[in-house]
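Below: the structure, in structure tokens.
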Amino acid sequence: EPEVTQTPSHQVTQMGQEVILRCVPISNHLYFYWYRQILGQKVEFLVSFYNNEISEKSEIFDDQFSVERPDGSNFTLKIRSTKLEDSAMYFCASRAGTSGPSLFGPGTRLTVL
Amino acid sequence: SQQGEEDPQALSIQEGENATMNCSYKTSINNLQWYRQNSGRGLVHLILIRSNEREKHSGRLRVTLDTSKKSSSLLITASRAADTASYFCATDPDDYKLSFGAGTTVTVRA
């Protein structure tokens with residue numbers, strides 16, 4: 001069964017550094033998402049991406065965040081200058097259509113020191 | 001705005017018993033999805049129920065949806081130790097995102 005994959009599984013970085021989190025969505029899916037989950041808290045929506053552009057973003061998704069689909073398979077989340085409060089599990093998800101389920105990857109645990 | 005909110009926050013049951021958890025939401029939805037998360041791991045999709053459906057089954061899972069009360073329930077029958085996890089409901093108030101609740105932590109005792 002096709003799965004969403006994410007790399008790396010764990011990323012440790014210093015405050016102020018840039019990180020890129022990578023995702024490979026399911027190949028025939030059209031909608032792509034990033035969510036995050038701070039330890040012990042709810043899963044929060046960050047951004048959705050459709051037709052090569054952002055369709056919606058949350059208040060969390062400020063100027064330090066960006067997303068890109070550089071080729072036909074990868075979907076990346078870049079955090080330009082990481083802060084301590086960016087430490088969280090970041091989940092990528094994809095969806096075939098608006099009526100189907102959102103399928104999540106295993107997550108990238110980001111630790112900012 | 002906050003959407004899915006699960007109840008109870010935590011549930012402890014004996015293996016073989018049924019576990020029921022509830023989800024309430026505030027605005028109209030297209031569908032509602034339930035996910036499982038084992039400690040520190042990814043979100044596993046369990047079941048999607050559309051706004052025009054009232055009940056759905058998948059193996060030992062039964063989900064109901066009452067749009068008039070803006071609520072849903074997830075029933076796990078004949079629970080097993082492997083069902084120990086957090087369970088989340090997620091609603092889609094629009095086509096572009098899911099809104100998650102805080103989850104119900106289920107512990108199944110052997």
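The values are calculated or read from the model by the stated rules, or taken from the named source; none is laboratory data. Note that the structure is predicted; figures quoted are calculated from it, not measured. Ideal geometry is used to build each Cβ from the backbone, glycine not excepted, and the neighbour counts take in all protein chains shown. For accessibility, only protein heavy atoms count, side chains too; no ligands or nucleic acids. Shrake-Rupley method; radii C 1.70, N 1.55, O 1.52, S 1.80 Å.
Would the range B:55-75 turn up any residue that is touching a residue at least 24 places away in the same chain (Cβ under 8 Å), within 9 Å of chain A (Cβ to nearest Cβ) and surrounded by 15 or more Cβ atoms within 10 Å (Cβ to Cβ)?
The answer is no; no qualifying residue exists.
Considering each residue of the range A:27-45, count those that are open to solvent by less than 60 Å² (accessible area, probe 1.4 Å) and more than 9 Å from every other protein chain (Cβ to nearest Cβ), and give that number. Can you show your working first?
From the range A:27-45, those open to solvent by less than 60 Å² (accessible area, probe 1.4 Å) are A:29, A:31-38, A:42-45; that's our starting set.
Narrowing further to those that are more than 9 Å from every other protein chain (Cβ to nearest Cβ): A:29, A:32, A:34, A:36, A:38.
Qualifying residue count, the range A:27-45: 5.
Determine whether the range B:8-17 contains at least one residue that is within 10 Å of the chain's Cα centre (by Cα), more than 10 Å from chain A (Cβ to nearest Cβ) and within 17 Å of B:T107 (Cα to Cα).
Applying the first criterion (within 10 Å of the chain's Cα centre (by Cα)) to the range B:8-17 yields none.
There is no residue in the range B:8-17 that is within 10 Å of the chain's Cα centre (by Cα), more than 10 Å from chain A (Cβ to nearest Cβ) and within 17 Å of B:T107 (Cα to Cα).
Looking at A:V19, A:V4, A:V24 in this structure, which one is open to solvent by 30 Å² or more (accessible area, probe 1.4 Å) and either within 14 Å of chain B (Cβ to nearest Cβ) or in contact (Cβ under 8 Å) with a residue 12 or more places away in the chain (or both)?
Only one candidate qualifies: A:V24.
Given the structure, is A:E59 within 15 Å of B:S99 (Cα to Cα), more than 9 Å from chain B (Cβ to nearest Cβ), of a type in the set (D, E, K, R) and not in a strand (DSSP E or B)? Lay out the reasoning, then the answer.
Details: within 15 Å of B:S99 (Cα to Cα): yes; more than 9 Å from chain B (Cβ to nearest Cβ): yes; of a type in the set (D, E, K, R): yes; not in a strand (DSSP E or B): yes.
Against the criterion (within 15 Å of B:S99 (Cα to Cα), more than 9 Å from chain B (Cβ to nearest Cβ), of a type in the set (D, E, K, R) and not in a strand (DSSP E or B)), A:E59 qualifies.
Considering only residues that are outside any loop (DSSP other than H, G, I, E, B) and either charged (D, E, K, R) or in contact (Cβ under 8 Å) with a residue 60 or more places away in the chain (or both), which ones fall in the range B:36-54?
Within the range B:36-54, B:R36, B:Q37, B:R50 qualify.
Can you pull out every residue in the range A:1-48 that is of a type in the set (K, R), in a strand (DSSP E or B) and over 11 Å from the mean Cα position of the chain (by Cα)?
Across the range A:1-48, there are no qualifying residues.
Which condition breaks for A:S81 when tested against (1) closer than 25 Å to A:V112 by Cα; (2) in contact with a Lys or Arg (Cβ under 8 Å, 6 or more places away or on another chain); (3) not acidic (D, E)?
Condition (2) is where A:S81 drops out.
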